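Here's the structure we're looking at; comments come further down.
The values are calculated or read from the model by the stated rules, or taken from the named source; none is laboratory data. Small disclaimer: the values here were computed from a predicted structure and weren't measured. Methodologically, a virtual Cβ is constructed for each residue, glycine included, from the backbone with ideal geometry; neighbour enumeration extends over all protein chains shown. We work out accessible area using only protein heavy atoms, side chains counted, and drop any ligands, DNA or RNA first. Shrake-Rupley method; radii C 1.70, N 1.55, O 1.52, S 1.80 Å.
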Amino acid sequence: MTLIESVSLRRVLDSRGNPTVEADVLTQSGGFGRAAAPSGASTGEYEAIELPAKEAIAMAREHAVPRLERSVHAGNQRDVDAALHAADGTDDFSEIGANSAVAISMAASKAGADVLGAPLFQHLGGTFRDADRSFPVPLGNVVGGGEHAAEATHIQEFLAAPVGAPSVAEAVFANADVHAEVAEILADRGVAAAKGDEGAWAPAVSDAEAFEIVDEATSRVEEALGFEIKFGLDVAASELYDADAGVYRYGDAERTSAEQVEYMAELVDDYDLAYVEDPLDEDDYDGFAELTDRVGDRTLICGDDLFVTNVERLSRGIDEGAANSILIKPNQIGTLSDAFDAVELAQRNGLDAVVSHRSGETEDTTIAHLAVATDASFIKTGTVGGERTAKLNELIRIAEEAV
Ligand SMILES: C=C(OP(=O)(O)O)C(=O)O
Ligand SMILES: [Mg+2]
């Protein structure tokens, strides 16, 4: 019923104005799915390879599309993704591009769901998904810099975490309120701010001042709404790490690895942080393990560039106690099956899964469904901006549909 009839690929724009790959999958029974690849700026060294969109499309047309059309069922995600791997033949999708692979993988999942007449989260989560399970808490990027904005904070993302929100919708609106509150505080302080790639405010303030501002903004909104709103960070520390000198550079200031662990542990306690992503360099399993040992009982230490949604890197992290959560970005690994494998391995070992967007995004909403289907604890998908609200609004709809 879900035999793939055709796979079409085209270039579309992402939110940074760069070309990206969009895939349409049509089944013989008329099921249809469309999805587009996102794109990172602070990409991990060990991610699957994104090719220039034109090249990725040409290679996928030559190698992957003939293996899929009239051969593979869109309803069998494992078969679709195995065909993509077989077409590519490498272990990092450097032949057809992880951008082509992930667009086709996600589009096929939607075509499979369409044939069944099921919402995507249900198709992906399966019949055993417990309808009473809680929904992912949206992490809302409200202040940021790093690779996502010039002349702003060194820490890449300050993320509102409305952990006490009674519903997904209230959490989504709370993050928007924090974003607006940050704007007011910046205006009061006479600080002008544009927005970075993900729609977060990108003021030219020190990291210390950003902590003050976000702490104040979350407290004010917490008080107004009457439920707990914490905040967290994506330090994206690999971008700060100078491997030759063995130090983390925060502008003119620097920290050794031991000082970085100390600094992160202090921040967790000073600000009661709910979440700290990539606090150390992507090769520093030991530093991650030390920090997790110190503060992992009271916050999530999440591996993004550390794990790159890759089960091998995650297995090592589990063995070494390097983190207590993993960021899941399907385009880091290339297929939904690989992303699911990473989630399953993590959850079986007591780690939380956090499903995430990329800084370059489209209107695609697959990750909202993925987060619900996998029972992820958090979803990181921005706060404002059409490509971000596409996912947040979809989450609100899913929550309505899933009751
Ligand atoms: C979303 C992120 O940024 P990018 O997509 O640039 O890697 C991140 O680092 O978590
Ligand atoms: Mg990150």
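Go through (1) within 16 Å of ligand 2 (Cβ to nearest atom); (2) at pLDDT 95 or above and name the single condition ALA149 misses.
Looking at each condition in turn, ALA149 falls short on (2).
When residues of segment 18-34 are filtered for being buried (at least 21 other Cβ atoms within 10 Å of the Cβ) and either in a loop (DSSP other than H, G, I, E, B) or within 16 Å of ligand 2 (Cβ to nearest atom) (or both), how many remain?
Residues flagged as buried (at least 21 other Cβ atoms within 10 Å of the Cβ) and either in a loop (DSSP other than H, G, I, E, B) or within 16 Å of ligand 2 (Cβ to nearest atom) (or both) within segment 18-34 amount to 1.
THR43 - would you say it is outside any loop (DSSP other than H, G, I, E, B) and within 16 Å of ligand 1 (Cβ to nearest atom)?
For THR43, the condition - outside any loop (DSSP other than H, G, I, E, B) and within 16 Å of ligand 1 (Cβ to nearest atom) - is not met.
Let me confirm something: among GLY350, GLY385, which residue is within 14 Å of ligand 1 (Cβ to nearest atom) and surrounded by fewer than 24 Cβ atoms within 10 Å (Cβ to Cβ)?
Selected residue: GLY385, the only one of GLY350, GLY385 that is within 14 Å of ligand 1 (Cβ to nearest atom) and surrounded by fewer than 24 Cβ atoms within 10 Å (Cβ to Cβ).
Of all residues in segment 35-49, count the ones that are buried (at least 21 other Cβ atoms within 10 Å of the Cβ) and away from ligand 2 (no atom under 16 Å from the Cβ).
Count: 3.
Look at segment 376-403 and say how many of its residues are assigned to a loop (DSSP other than H, G, I, E, B) and touching a Gly at 6+ places or on another chain (Cβ under 8 Å).
Qualifying residue count, segment 376-403: 4.
Are there any pairs, at least 6 apart or on different chains, whose C-beta atoms fall under 6 Å, with the first in segment 67-83 and among the small types (Gly, Ala, Ser) and the second modelled with pLDDT under 95, and if so, which?
Final answer for the pair search is ALA74/THR2; GLY75/THR2.
What single numbered condition from (1) modelled with pLDDT of 95 or more; (2) over 16 Å from VAL21 (Cα atoms) fails to hold for GLU50?
(2)
Scan LEU327, LEU267, LEU306, LEU314 and give me the residue that is modelled with pLDDT of 95 or more, surrounded by 20 or more Cβ atoms within 10 Å (Cβ to Cβ) and in a strand (DSSP E or B).
LEU327
What are the pairs with Cβ atoms under 6 angstrom where one residue, in segment 373-394, is in contact (Cβ under 8 Å) with a residue 60 or more places away in the chain and the other, located anywhere, is open to solvent by 10 Å² or more (accessible area, probe 1.4 Å) and assigned to a strand (DSSP E or B)? Sequence gap at least six, or different chains.
Correct list of pairs: SER377/ASP352; PHE378/VAL137.
Specify the residue that is nearest to VAL311 (Cα to Cα); the eligible residues are those in segment 346-369 that are assigned to a helix (DSSP H, G or I) and in contact with a strand residue (DSSP E or B) (Cβ under 9 Å, 6 or more places away or on another chain).
Selected residue: ALA346.
Report yes if GLU62 is out of contact with any Cys (no Cβ under 6 Å at 6 or more places or on another chain) and farther than 25 Å from SER6 by Cβ, otherwise no.
no
Which one of these is of a type outside the set (S, T, N, Q), within 16 Å of ligand 2 (Cβ to nearest atom), open to solvent by 60 Å² or more (accessible area, probe 1.4 Å) and in the same structural domain as LEU327 (by TED's automatic domain parsing): ASP283, ASP278, ASP252, ASP272?
It is ASP283.
Suppose the filter is within 15 Å of ligand 2 (Cβ to nearest atom), small (Gly, Ala, Ser), touching a strand residue (DSSP E or B) at 6+ places or on another chain (Cβ under 9 Å) and at pLDDT 95 or above; does GLY385 pass it?
Answer is no for this residue.
Return yes when ALA165 is more than 22 Å from VAL235 (Cα to Cα), crowded, with 17+ Cβ neighbours inside 10 Å and without any contact (Cβ under 8 Å) to a residue 40 or more places away in the chain and no when it is not.
Criteria not met by ALA165.
Could you please give the count of residues in segment 334-345 that are part of a helix (DSSP H, G or I) and either farther than 12 Å from VAL311 by Cα or touching a helix residue (DSSP H, G or I) at 6+ places or on another chain (Cβ under 6 Å) (or both)?
6
Does any residue in segment 46-65 that is touching a residue at least 60 places away in the same chain (Cβ under 8 Å) come within less than 7 Å, Cβ to Cβ, of a residue that is surrounded by fewer than 19 Cβ atoms within 10 Å (Cβ to Cβ) and assigned to a loop (DSSP other than H, G, I, E, B) six or more places away or on a different chain, and which pairs are these?
From segment 46-65, the pairs are ALA48/ASP92.
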